[in-house]
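*Asks:* My questions will all concern the structure given below.
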Amino acid sequence: MTATNAEPLRAQRPVLHFTPPEGWMNDPNGLVCFAGEYHLFYQYYPHDRVWGPMHWGHAVSRDLVHWEHLPLALIPDEAGMCFSGSAIVDWHDTSGLFGGRPGLLAFYTVHRQAEDDPADYVQEQCLAYSQDRGRSWQKYAGNPVIASPGFKDFRDPKVIWHAPSRRWVMALACGQAIQLHVSDDLLSWRLASTFGEGQGAHTDGPWECPDLFELPVEGAAEDAPATRWVLVVGVCAGEQDDFGSFTQYFVGDFDGERFHNENPAERVLLMDEGRDFYAVQSWSDLPAEDGRRLAIAWLNNWLYANQIPESGWRGAMSFPRELSLVGTPEGIRMRQTFAVELLGSSERRSVPVATVPSEFGPGEHRLVEAGSATAHGRLALELRPDTVIALDLQQGRQFSLRLSHDGARLHLEHRRDGRNGDAAFDRHYPHRLGRELPTGGAVTLEWLIDHGSLELFLDGGRLSLTHLSFADPDQRPVVLRVEAGACRVIDARYHRL
Ligand code: FRU
């Protein structure tokens, strides 16, 4: 059965998106690859389906598709709750915690609040270590490694190795800025610089969950450097803000101490323009021969995260994505696609689609007759001038996607509707977006639907739209409706997953 606008939305376990066994989940934490396993820790409150005292939940995977749940990694104690952070492999036992062997270190924020007033809290950076491939964790006796400087919002340490300066770097969210700390031994840290004032997007809320990494640039000018540094920042919703929490990024240079934004300070670059892509983090320590930068985000928005439909568990992660940088007329921008593991042996799963290439005139055209509730699709379209099309990627009436081409520009419009009877959810969940694409009449779409979400990349992955979406799309067709003009479908693929 398909949800209509009038029916309350229901939660159903996704197939390919990570969810906790039960209870509440928010941010991905401590993403690290070690001994052939991808580790995924996460902000977890196992005892209820709303946010509560934060633990680190834990799972591992060898293929980014199948996850094995492991026991809780970090549990709150008298020091406080265990907020977000990162993990790394200490390959050469720089910390001295591993008796000369490699081991895993997790950096997290301790959050300690006054008993009578949750708004009165202290945050400090702490360390935990594991000598057994992440199966058990000890909190470091010398915690905190960075004490509170007196700012309230001081959290989410992301630790990376900076090879040119041969030092460890920690990016930390501090109010509406990112502090960069450096260390030789992973235990004592020195503040090197602060980035953020007057840069990018600010709301009434704090900046959160930074990430910092270097990527090669495809299509870079010959006289320009071959790589750039990317600083990713979560922007928490202000109370008055209708969009809610979102993820921005900066492109530039990092010398081991300072990040320099190469775009105009006021330019806002969004990693995702949907409503439900937050607290993104990338994996540390992928094998060098892999060479990818893989990231995962929490599929949610703080505006309504505690009120989304649930059935014993609440919260899901995005499917892991591969990030890259590409030169464009406006500057260097991020591009995203699904980690190749998504398709695995895709031939087996490929489903017949309408014959392409072919041109479609006004009317409804079924590109795929009967889709599956969990599926991946790809389309390359060319809209003739004065064409308007609508695409139903199996989401039915609760989600609409329209593209129009006026001869010069391509305009995208999409709408999400739905309610579940909770006032905050019903008010904030419906969404409209109108946006121009710099592509003329030609455009590509790639998407993944699963129970509870739609992840959509347009324009070769330059525009990412990630949304919670609770329709039950089983057996629905993928439909192209040409409302005016004509549309050529150059390529169409569909995989049942
Ligand atoms: C982001 C965040 C982090 C914090 C965690 C608490 O979603 O607010 O800044 O560490 O969630 O659960």
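*Asks:* Between E436 and I75, what length comes free when the chain is fully extended (0.36 nm per residue of separation minus the Cα-Cα distance, one decimal in nm)?
*Replies:* Roughly 125.3 nm would be gained on extension.
*Asks:* Give, in whole angstrom and from largest to smallest, the semi-axes √(5λ) of the equivalent ellipsoid of the stretch 348-496, with λ running over the eigenvalues of the Cα gyration tensor.
*Replies:* After diagonalising the Cα gyration tensor, the semi-axes are 24, 19, 13 Å.
*Asks:* While we're looking at this one, here's another question. Residues of the stretch 107-187: accessible area per residue at 1.4 Å, in Å²?
*Replies:* Averaged over the residues of the stretch 107-187, the accessible area is 42 Å².
*Asks:* Could you give the size of the charge dipole of the chain about its Cα centre, using +1 on the Cβ of each K and R and -1 on the Cβ of each D and E, expressed in debye and rounded to the nearest 20?
*Replies:* That gives the chain a dipole magnitude of about 980 debye.
*Asks:* Can I ask one more? Could you provide, to the nearest whole Å², the per residue accessible area of the stretch 348-496 with probe 1.4 Å?
*Replies:* Per-residue value: 38 Å².
*Asks:* May I pose another question? Below 8 Å between Cα atoms, with a sequence gap of 6+, how large is the relative contact order for the stretch 397-445 in percent?
*Replies:* 38
*Asks:* Express the carbon and sulfur contribution to the solvent-accessible surface of the stretch 348-496 as a percent, rounded to the nearest whole number, probe 1.4 angstrom.
*Replies:* Result for the stretch 348-496: 45 percent of the exposed heavy-atom area is carbon or sulfur.
*Asks:* What nm value, rounded to one decimal, do you get for the distance between E369 and A221 when each label is placed 7 Å out toward the C-beta?
*Replies:* Distance between the two pseudo-spin positions: 5.4 nm.
*Asks:* Can you tell me the order of 61-70, 307-316 when each peptide is scored by its average per-residue count of other Cβ atoms within 10 angstrom, highest first?
*Replies:* The peptides rank, most packed first, as 307-316, 61-70.
*Asks:* How much of the DSSP bridge set in the chain is antiparallel, in percent, rounded to the nearest 5?
*Replies:* Here the antiparallel bridges make up roughly 95 percent for the chain.
*Asks:* Shifting gears a bit: Work out how far the C-alpha atoms of the stretch 154-271 reach from end to end along every principal axis, then list the three figures in whole Å, largest first.
*Replies:* 43, 40, 18
*Asks:* How many nm is it between the label spots at E214 and E37, if each spot is 7 Å from the Cα in line with the beta carbon?
*Replies:* 3.0
*Asks:* Go ahead and collect, in residue order, the members of the stretch 306-332 whose backbone nitrogen is under 15 Å from a label point 7 Å along the Cα-Cβ direction of W51.
*Replies:* 306-308, 314-316, by backbone N distance to the label point.
*Asks:* Oh, and also: What percent do you get for the relative contact order of the chain when only Cα pairs under 8 Å and 6+ apart count?
*Replies:* 15
*Asks:* Once the Cβ-Cβ distance between R166 and R101 is put in as r, and R0 is 22 Å, what FRET efficiency do you end up with, to the nearest 0.05?
*Replies:* 0.60
*Asks:* As an exercise, use a Förster radius of 41 Å and the Cβ-Cβ distance of Q113 and D290 to find the FRET efficiency, rounded to the nearest 0.05.
*Replies:* Calculated value: 0.55.
*Asks:* Take the chain, compute every pairwise Cα distance, and split them into 20 Å bins from 0; I just need the percent in each bin.
*Replies:* Bin by bin from 0 Å, the calculated values are 23, 57, 19, 1.
*Asks:* Sticking with this structure for a sec: Given R₀ = 35 Å, what would the calculated FRET efficiency be for S311 paired with E197, taking r from the Cβ atoms and rounding to 0.05?
*Replies:* It comes to 0.20.
*Asks:* Find the Rg to Rh ratio for the stretch 279-415, where Rh is the Kirkwood radius over alpha-carbon pairs and Rg uses the same atoms.
*Replies:* That ratio is 0.99, to two decimals.
The values are calculated or read from the model by the stated rules, or taken from the named source; none is laboratory data. Predicted model only: the values in this text are computed from it and were never measured. Cβ coordinates were reconstructed from backbone atoms using ideal geometry, including for glycine residues, and neighbour counts include every protein chain displayed. Just so you know, the surface numbers come from the protein's heavy atoms only, side chains and all, with ligands and any DNA or RNA stripped out. Shrake-Rupley method; radii C 1.70, N 1.55, O 1.52, S 1.80 Å.
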